[in-house]
Amino acid sequence: KIKLLKSINEGDLSNDIAKPFYVPVNRLAGVQEARLKLPVCSEEQVIMEAIRNNTVVIICGETGSGKTTQVPQFLYEAGWSHPDSDNPGVIGITQPRRVAAVSMAKRVGHELNLPGDEVSYQIRYDATTSKKTRLKFMTDGVLLRELSQDLLLTKYSCLIIDEAHERNLNTDILIGVVSRVLRLRAELSREDRQKIKPLRVVIMSATLRVTDFTENKTLFDKPPPVINVDARQFPVSVHFNKRTPEDYVGESFKKISKIHEKLPPGGILVFLTGQNEITHLCKLLRQKYPSLPPKATKKEKKEEDQANKLETQTEELPNGQADMENEDVNLGENDEIEEDFDLESDEDDTDIEEGFDKEELGEANQDAPLHVLPLYSMLPTEAQLRVFQPPPEGTRLCVIATNVAETSVTIPGIRYVVDCGKAKDRKFNVETGIQSFEIDWTSKASADQRAGRAGRTQAGHCYRLFSSAVFDHEFEKFSLPEIKRMPLEGVVLNMKAMNIDQVVNFPFPTPPPRESLFKAEKLLQYLGGVDKMSKHITEFGEAMSLFPIGPRLAKMLIIGQQHGCLPYVIIMVSALSVGNPFDQNEAQRQKHIMTFVSEASDILTLITTVGAYEYAGGSDSFCHDHGLRQKAMTEIRQLRRQLTNIVAANFPGVDICVDPKLKPPNKKQLQILQQILTAGLIDSIAVRADVLEAGGGRGARHKNASGVAYKLMWSDEDAFIHPTSVLYVQEPPVMIAYNELTQTPNNTWMKGVTAVEPKWLCNLGKELCTYGRPLNYPLPKVIGEKKDRRIVHVIPQFGPKDWPLPAIE
Ligand code: ADP
Ligand code: MG
C-alpha cells in the first residue's frame, strides 16, 4: 500500500552508486560518425554524472538533438542493465505514441548493433521482449499497467520518460506515480536494497516548459537538475501568409507545388490535421507529380503477416481511445473536404524565391518526381516506417503528416515545412460527458516545434499558411495538458488498483479539474468497481483492472461469462476498444453495413462483422470489399486473443473458446448481449423526448431534420442517433444506450447505439432508478424523472462473488 514516506535522504545514495563499468559496443562505422554529430553526445559526461548523483534528472533539448536515440545508449554503455553490473535492471523508455516506441527501438537496436529482443519494444498489440531484453521501449500506457502489477518496478534500473512536454494523460500520471515509486525504492530496507537498487528516472522534454515538473513541490522533494542540450539547430526562416485561407488543404497543395517547382532540393514536411485531409492531398499531389507509388516490399509484407500471427501478451492502459489515436476520428458531417478549390490562383506570397540565391534556385528541378508519403497513426506500422527510408534517387521527399511528426519522430532530410497551424484535438465536457473532436489552432510552442523540423540538416524554411496577426492573437502559448480535457475513469481505476484511494491527493503535474476526478470515481461506483463508502477498489474492480480496456467494457466482459456469452462479449469489447473499423468513406460504409446489420444495435452489428471477417479467413480482400480498415480488424483480432488469454490466466474454470471463428449468436444470446451492453453503458442511457413528456397519452415526437430527439441523463440538450447507426433508419426505440457522444456545431450525436428495453433498467440499474411520475409510455413505474432531469441516479452494487445478470425472460 502506498504510504506517503519521508523524503529521500540524498546523502545515502552514495552507497548505491554504480561503480564505473563500461560495456563495449560494436557500432557500424557510419552510425558512430553520425551519432557523434548529435548535440546530445557532447553532453554525455554531464548527463551520466547527473544521473549517477540524482534520482531524477530532466533533459531538455530540441527535437532531433538525439535524446531518444542516444541517452539509452549512454546508459547501456555505462553498464546499466548489464547482468554483472550494480544496476542489472532493464532500462525502460516510455513514449506517448506507438509509432515512436517501435521506430525508436528499431533505430537504437541498429545503432547498438544488437538483436531485436535485446533492444525491444512493447506496445498494446505487439512485443519483442524476451529474457535477454536490456532496453525496452514502450508506450506509457504499457508501463502504467505494469505498475499495477509491480508497484516497485523491480524489473527496471532506470526509467526514461520521453516527450514529457506533450503532456499526455498517461505521461502525466506516470510521472506522478513514479515520483512515489522513487521514494519507495529508496526507502527499502538495507537488505532489500541489495537486491533492488534505487530507481533512476530521466524525464526528457523537447521544449523548455519544465517548470510544471521542477517547481511542483508535491512531485519531487527537491527540484531535479535540468540539463539543457544546446540545439545545434540551423536557422529556419519563417514565412507567414499574408492572408489566412479557410481551405488550408488547397493552400498547402499550392505551396508544395511552388516549393517543388521553384526551390532547390530538400524534403518537404507538411502538417495537416487528420487522415482524410492527408489522403486527399496525397492523391492530388500524386496526380500532378506522378512517381512510382510506394509498394510494400515482399519482406515487409511477410513481417506484417508475422506480426499478425504473433501471440500477443502485451498490455496497455487504455484511456478511451488510447494512445493518441484520436487524431483521425471521424467528424461526421464536418469531415468533408472542399473538392473544388482553386488550385491555380496565386494571390499570396509571390516571393517564394526570396532568400535563395540564383545559383541555388538553378538546382530546382520541376520535372523531378515527388515521392509523396502519408504519416498518421492509423496507418499500418510498416507504411509509417517508410518515411525513414531515403527517397528513390532523383525524387523529392514529401511527407504529409499529422502532429505525429511534430516531436516524436525526426524524418531525415527535411528542408521545407508547410504548416497549416491547426490540429485535431479531443475536447471533453466534464459536465455532460460529451466529447468532440475539433480542429483548432495549435499553440505557439507547437508551431515553433513544427518550424524547427526544417532546420535539422541545413538552413531551412517554414511556410505558415496563416498570417502573423493570427499567430499573435489566436495562438495560446502552450497547448492545454491532456489531463484537463479527457475522461478519467480509466486512470482512476488504475490508480485505485495501485491502492491510491484518495485520488484528489495524487501528485499530478497539473491537477485535473476536481469535477473530472469526482465524475470518474462516481462512474466507477456505478459500475461496481469502487466501494461507495471507503472509495477503495472492490473485488469486482480488481477484476476489471486486469483488462487493458476501459472500465465500462471491462464490466461487460466480466458479466459476460454468464449465460455462455463470453466469446461474443470479447469480440464486442475488442471492437469497441479498437474503435470504428468501418472505413471513413461514409457512402461505402452505408452500402456495406447492410450486410452485417443487426436490428437492435450498432455494437451487435460489429460482432457479425468480426465473425464474417474471421470466416473469410481474415483476408485483405474481405476488408476491401466491405469497407473495413485492415489495421483495425487485425487489432481487433489481436485484442481478442489477448483478452482471451487474460481470462484463461486469471479465471480458472471459466470455459473459454479459443477458436476465432464463432457461430453467429442465437436470438437468446443476442438479447443477453444487449443487456450486457446496457449494464456497461448504464450511465449512458437516453430516452426518447416525447415519452418523457407530461400527460397521459403519447406526446408528439420531437422531430427535426436530424431525426427524433432523445433526452440524455446528464444534460438538458437534445441528442440524436447518428446517421451511421443501424438504428437511424428504424422506428426509434423508447430507450437506447450509447457508446459515444459527439458534438458538431449544430447537434449532439449518439454513436454506437443499442436499443434498451426500459424494464431491464429495473434490474440492471435498480438503485439508479428513482420512483417518479410515470413516463408517457406503458412502463413499470420505477423509472421516472426528477427535477434535474436525471432519469437515473445510482447503479446497483454487484456482489463480488456472484455478478448477477438479471433473469432473462
Ligand atoms: P530527439 O529525441 O532529441 O528528438 P532523436 O534521438 O529522435 O532526437 O533523433 C536523433 C537523430 O537520429 C535525428 O537526426 C534523426 O534523423 C535520426 N534518426 C532517428 N530515427 C531514425 C531512423 N529510423 N532512421 C534514420 N535516422 C533516424
Ligand atoms: Mg525524441
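The values are calculated or read from the model by the stated rules, or taken from the named source; none is laboratory data. As the structure is a prediction and not an experimental result, all values here were calculated from the model. With ideal geometry, Cβ positions are generated from the backbone for all residues, glycine too; neighbour counts draw on all protein chains shown.
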Inset, instruction - Determine whether Phe234 is surrounded by fewer than 19 Cβ atoms within 10 Å (Cβ to Cβ), over 24 Å from Pro72 (Cα atoms), touching a residue at least 60 places away in the same chain (Cβ under 8 Å) and touching a helix residue (DSSP H, G or I) at 6+ places or on another chain (Cβ under 7 Å). - result: yes
Legend entry - Condition check for Arg27: more than 13 Å from ligand 1 (Cβ to nearest atom), at pLDDT 90 or above, outside any helix (DSSP H, G or I) and not small (Gly, Ala, Ser): yes
Inset, instruction - Just name the residue that is modelled with the highest pLDDT out of those in region 419-477 that are hydroxyl-bearing (Ser, Thr, Tyr) and within 30 Å of Lys522 (Cβ to Cβ). - result: Ser436
Legend entry - Scope region 515-539; condition under 23 Å from the mean Cα position of the chain (by Cα) and of a type in the set (Gly, Ala, Ser); matching residues: Ser516, Ala520
Inset, instruction - May I ask you to verify whether Asn505 is at positive phi and surrounded by fewer than 17 Cβ atoms within 10 Å (Cβ to Cβ)? - result: no
Inset, instruction - Scan region 477-491 residue by residue and report those that are under 14 Å from Arg167 (Cα atoms), in a loop (DSSP other than H, G, I, E, B) and touching a Leu at 6+ places or on another chain (Cβ under 9 Å). - result: Pro481, Met486
Legend entry - region 69-95, subset of a type in the set (Asp, Glu) and either surrounded by 22 or more Cβ atoms within 10 Å (Cβ to Cβ) or more than 16 Å from ligand 1 (Cβ to nearest atom) (or both), residue farthest from Leu153 (Cα to Cα): Asp84
Inset, instruction - Give just the number: which of (1) touching a residue at least 12 places away in the same chain (Cβ under 8 Å); (2) away from ligand 1 (no atom under 14 Å from the Cβ) does Leu112 not satisfy? - result: (2)
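Would you confirm, using the coordinates I've provided, whether Val573 is part of a helix (DSSP H, G or I) and over 25 Å from Ala632 (Cβ atoms)?
For Val573, the condition - part of a helix (DSSP H, G or I) and over 25 Å from Ala632 (Cβ atoms) - is not met.
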Inset, instruction - Would you check if Gly66 is small (Gly, Ala, Ser), in contact with a Cys (Cβ under 8 Å, 6 or more places away or on another chain) and within 14 Å of ligand 1 (Cβ to nearest atom)? - result: yes
Inset, instruction - Determine which member of the set Ile175, Ile160 is within 16 Å of ligand 1 (Cβ to nearest atom) and in contact (Cβ under 8 Å) with a residue 60 or more places away in the chain. - result: Ile160
Inset, instruction - Go through region 675-687 and count every residue that is in contact with a strand residue (DSSP E or B) (Cβ under 6 Å, 6 or more places away or on another chain) and assigned to a helix (DSSP H, G or I). - result: 2
Inset, instruction - Determine the pairs where a residue that is under 11 Å from Met138 (Cβ atoms) and within 16 Å of ligand 2 (Cβ to nearest atom), located within region 78-102, has a partner that is of a type in the set (Lys, Arg) and not in a loop (DSSP other than H, G, I, E, B) with Cβ atoms under 8 Å apart, the partner being 6 or more residues away or on another chain. - result: Gly92/Lys136; Ile93/Lys136
Inset, instruction - Only residues that are within 25 Å of the chain's Cα centre (by Cα) and either in a loop (DSSP other than H, G, I, E, B) or more than 18 Å from Phe582 (Cβ to Cβ) (or both): list them for region 715-767, please. - result: His722, Thr724, Ser725, Ala737, Leu741, Gln743, Thr744, Pro745, Thr748
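Select from region 178-191 the residues that are touching a residue at least 60 places away in the same chain (Cβ under 8 Å), farther than 29 Å from Glu489 by Cβ and either part of a helix (DSSP H, G or I) or within 16 Å of ligand 2 (Cβ to nearest atom) (or both) and list them in ascending order. Steps first, answer last, please.
We begin by selecting, within region 178-191, every residue touching a residue at least 60 places away in the same chain (Cβ under 8 Å); these are 179-180, 182-184, 186-187.
Among the residues that remain, those that are also farther than 29 Å from Glu489 by Cβ are: 186-187.
Correct list: Ala186 only.
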Inset, instruction - Please state which of the following conditions Arg209 fails to meet, knowing it meets all the rest: (1) within 16 Å of ligand 1 (Cβ to nearest atom); (2) not in a loop (DSSP other than H, G, I, E, B). - result: (2)
Inset, instruction - Name the single residue, out of those in region 397-415 being within 16 Å of ligand 1 (Cβ to nearest atom) and in a strand (DSSP E or B), that is farthest from Leu741 (Cα to Cα). - result: Arg415
Inset, instruction - Confirm whether Val329 is surrounded by 13 or more Cβ atoms within 10 Å (Cβ to Cβ) and either modelled with pLDDT under 50 or over 37 Å from the mean Cα position of the chain (by Cα) (or both). - result: yes
Inset, instruction - Could you please give the count of residues in region 41-53 that are at pLDDT below 95 and within 16 Å of ligand 2 (Cβ to nearest atom)? - result: 2
Inset, instruction - With the condition kept exactly as written, say whether any residue in region 59-74 is away from ligand 2 (no atom under 15 Å from the Cβ) and part of a loop (DSSP other than H, G, I, E, B). - result: no
Inset, instruction - Kindly indicate whether any position in region 521-532 is aliphatic (A, V, I, L, M), surrounded by fewer than 23 Cβ atoms within 10 Å (Cβ to Cβ) and outside any helix (DSSP H, G or I). - result: no
Legend entry - Of the criteria (1) in a loop (DSSP other than H, G, I, E, B); (2) more than 22 Å from the chain's Cα centre (by Cα); (3) under 20 Å from Leu566 (Cα atoms), which one Glu542 fails: (1)
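What number of residues in region 192-220 are within 16 Å of ligand 2 (Cβ to nearest atom) and of a type in the set (A, V, I, L, M)?
Of the residues in region 192-220, the ones within 16 Å of ligand 2 (Cβ to nearest atom) are 202-210.
Subset that is of a type in the set (A, V, I, L, M): 202-204, 206, 208, 210.
The total comes to 6.
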Inset, instruction - Might you check whether a residue that is more than 22 Å from Pro374 (Cβ to Cβ) and either in contact with a Gly (Cβ under 8 Å, 6 or more places away or on another chain) or away from ligand 2 (no atom under 16 Å from the Cβ) (or both) occurs anywhere in region 401-419? - result: no
Inset, instruction - Could you tell me whether Pro374 is away from ligand 2 (no atom under 16 Å from the Cβ), at pLDDT 85 or above, in a loop (DSSP other than H, G, I, E, B) and touching a strand residue (DSSP E or B) at 6+ places or on another chain (Cβ under 8 Å)? - result: no
Inset, instruction - For Arg688, work out the one condition from (1) in contact (Cβ under 8 Å) with a residue 40 or more places away in the chain; (2) more than 30 Å from Glu515 (Cβ to Cβ); (3) crowded, with 18+ Cβ neighbours inside 10 Å it doesn't fulfil. - result: (2)
Legend entry - Extreme residue, modelled with the highest pLDDT, among residues of region 103-145 that are within 16 Å of ligand 2 (Cβ to nearest atom) and of a type in the set (Asp, Glu): Glu111
